[in-house]
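> Okay, here's the structure, questions in a sec.
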Amino acid sequence: MQQLTLETLIAVFEEIFGRVLFWSMVGAAVLITAGYLYVLIRDRHLSARKFLLAQMFMPFGAVAAVVFVQWATHSGLSDIGGPIDWIVLLGVAGAGAIGSAILVYTIQSLTKGRQRAAHMEGAK
Amino acid sequence: MTDFNFKPSRRGFFGLAGGAAALGAFGRSASAQTMVQTKAKIVIVGSGAAGTGLVNRLVQRLEDAQITLIDGRKDHYYQPGFTLIAAGLKPAAYSVSGTGDWLPSGVTWVQDYAAAIDPEAQRVTTQGGEAVDYDYLVVATGLKLDWDAVEGFSLDQVGENGIGAVYAGPEYAARTWKAMDAFTDTGGVALFGRPATEMKCAGAPLKYAFLTDDYLRRKGTREASQVIYAANNAGLFSVPVVDEKVKLLFGEHDFDARYSHILTGIDTATREAYFRVPESKQINPDNTVSVTPERVEKITYDFTNVIPPMRAPDVVRESGLAWVDKWIGQDWLEVDQQTLRHHRYPNVFGLGDIAGVPKGKTAASVKWQIPVVEDHLVAAVQGREGSAIYNGYTSCPLITKVGRAMLVEFDYENRLTPSFPGVISPLEELWISWLMKEVALKPTYNAMLRGKA
């Protein structure tokens, strides 16, 4: 490759998932991230309890992301051939894990509403 | 030390979001190039990957130039996709778009095929009789698949009776998949090979052999099958280090390689392919020479992928622009292999498959060739010499199964020229190389067509 521009990169992802699915995913990712930032700012702290539950979803997110990418590219685990393949696979899994954790945390915060740290401590 | 007290707030959040949006909007700044003012008449014959990619770059460099593109074909084919179509992974439509969709405004598209090129009069005449004069000519016609050279074969047979023809086009690639899918259900003898002429993407015949082998294995019919690869000469790939690797893979996959086999004909009724095996000489231990005369070999198959000899289109062959002492009977354009400029007519350039250079008949090569022709052409318009050089870069994502490939890249000197040295090994079967072939290549290609990469 001679030049790798943002435009090329976007075109690559549109090609992988299809234009509608890709931009829907970008939209979902932006919304979830915005929601996450919103609840962080609203609550003014990171709830350890919610974060713990969110962490428990990370393995599921990791596996789901890998399965999704393999489905989209007609490939499987047996195609992993060298170190770079493992790095790419772990990157995909990592992204899935972090994404699902943020998603679960945000959903909890939005559905359970605003909760103060002191209130949570008192509830123990 | 400054006391930085960050207090998150709703206002802060919206400020942050706004800043991010602004960054996104203005982060992509257009690279401005100085436009060259000219009245030059530039004619590009052919609107494939080469012609389209070049015209989109020229309009970014030249102002007021009269650029004419001559091609009668309405469909644009993404040819690297043919293998994926023939492997049942993409529909035929995957490789088809409209020629007109890619052409910039301000360019004249003559929707007819070039019938004659007169480099002395500097004129191209179309089949419909329209004459277009030029100051500079870029020949980007692509090549001709000489199906008639395979006796007994016709394209209407593709898809039936175990006949495939991946190169013939998207629909034929889809029909090839139909035949390969049916064949791999039961197994049998799969026959592959390549022509003795120069050819586009010399890795494609190998890829298709590997893919068929993969489907046989997935369907559990490999044990009852034989995969034969009839090479045109003593090698499997022109780059020695890749050739060795492919030979090792052939061993691992239990392929039966036959060498110096040149396909001459096919009998689709009896499923027999005929090959000419040229005369060979061998030095014996007692220093005498034994000669094996030329012979015809017959190989019976259940499924085959027919690849015909490839030559220059008639319009180039008859133009007087072809090599006269090289590639006899193939008639590639006589250009300098570094500048792609014609040896005898300096206002003529050759780009893409038609260029008479060793290697380079791939879309990836075109991507490297376009900036070279652009540089020399724009320089010529300005009355100076260009400096860009094409080093023979050719790339071949050599698929070895569905899900794995080797990203083989090399130059004129048979040196491996990996795009990601130390990260993506060229001779290793990798998933990431497959990902590149399956998903990253087409967008990169499309960006090239738009003159953006």
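> Name the residue, out of B:Ile85, B:Ile67, that is touching a residue at least 12 places away in the same chain (Cβ under 8 Å) and more than 20 Å from the chain's Cα centre (by Cα).
Just one listed residue meets the conditions, B:Ile67.
> Residues that are of a type in the set (A, V, I, L, M), assigned by TED's automatic domain parsing to the domain that holds B:Ala202 and within 18 Å of B:Lys207 (Cα to Cα): find the strands (runs of 3 or more DSSP E) completely inside the stretch B:222-304 holding 1 or more of those. Explain how you work it out, then say what you get.
Details: elements: B:226-230, B:256-258, B:262-267, B:272-277, B:280-283, B:289-292, B:295-300.
Passing ranges, in order: B:226-230, B:256-258.
> Which condition number does B:Leu155 fail, the rest of (1) at pLDDT 95 or above; (2) assigned by TED's automatic domain parsing to the domain that holds B:Ala322; (3) not hydroxyl-bearing (Ser, Thr, Tyr) being met?
(2) is the only condition that B:Leu155 fails.
> Now, a different point. State the number of residues belonging to the stretch B:405-437 that are assigned to a strand (DSSP E or B) and within 20 Å of the chain's Cα centre (by Cα).
Result for the stretch B:405-437: 7.
> A:Ala72 is checked against (1) surrounded by 13 or more Cβ atoms within 10 Å (Cβ to Cβ); (2) closer than 18 Å to B:Lys437 by Cα; (3) more than 9 Å from chain B (Cβ to nearest Cβ) and fails just one. What number does that condition carry?
The failed condition is (3).
Residues are listed down the side, and each one gets a yes or a no for (1) at pLDDT below 95; (2) in contact with a strand residue (DSSP E or B) (Cβ under 6 Å, 6 or more places away or on another chain); (3) closer than 23 Å to B:Ala312 by Cα:
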residue: B:Tyr208; (1), (2), (3): no, yes, no
residue: B:Thr212; (1), (2), (3): no, yes, no
residue: B:Tyr215; (1), (2), (3): no, no, no
residue: B:Gly220; (1), (2), (3): no, no, no
residue: B:Gly235; (1), (2), (3): no, no, no
residue: B:Val242; (1), (2), (3): no, yes, no
residue: B:Ile262; (1), (2), (3): no, yes, yes
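> Scan (1) free of Cβ contacts under 8 Å to residues at least 24 places away in the same chain; (2) farther than 28 Å from B:Met448 by Cβ; (3) in a helix (DSSP H, G or I) for the single condition A:Val69 breaks and write down its number.
Going through the list (1) free of Cβ contacts under 8 Å to residues at least 24 places away in the same chain; (2) farther than 28 Å from B:Met448 by Cβ; (3) in a helix (DSSP H, G or I), A:Val69 breaks only (2).
> Is one or more of the residues making up the stretch A:30-38 more than 7 Å from chain B (Cβ to nearest Cβ), within 29 Å of B:Leu449 (Cα to Cα) and of a type outside the set (A, V, I, L, M)?
Checked the stretch A:30-38: no residue is more than 7 Å from chain B (Cβ to nearest Cβ), within 29 Å of B:Leu449 (Cα to Cα) and of a type outside the set (A, V, I, L, M).
> Just a yes or no: is a residue in the stretch A:2-25 in a loop (DSSP other than H, G, I, E, B), surrounded by fewer than 13 Cβ atoms within 10 Å (Cβ to Cβ), more than 16 Å from the chain's Cα centre (by Cα) and more than 10 Å from chain B (Cβ to nearest Cβ)?
yes
> Considering B:Ala174, B:Ala140, B:Ala168, B:Ala224, which residue is without any contact (Cβ under 8 Å) to a residue 40 or more places away in the chain and under 23 Å from the mean Cα position of the chain (by Cα)?
B:Ala168 is the lone residue from the list that is without any contact (Cβ under 8 Å) to a residue 40 or more places away in the chain and under 23 Å from the mean Cα position of the chain (by Cα).
The values are calculated or read from the model by the stated rules, or taken from the named source; none is laboratory data. All figures in this text were calculated on a predicted structure; none of them were measured in a lab. Please note: Cβ atoms are built from the backbone with ideal geometry, for glycine as well, and neighbour counts cover all protein chains shown.
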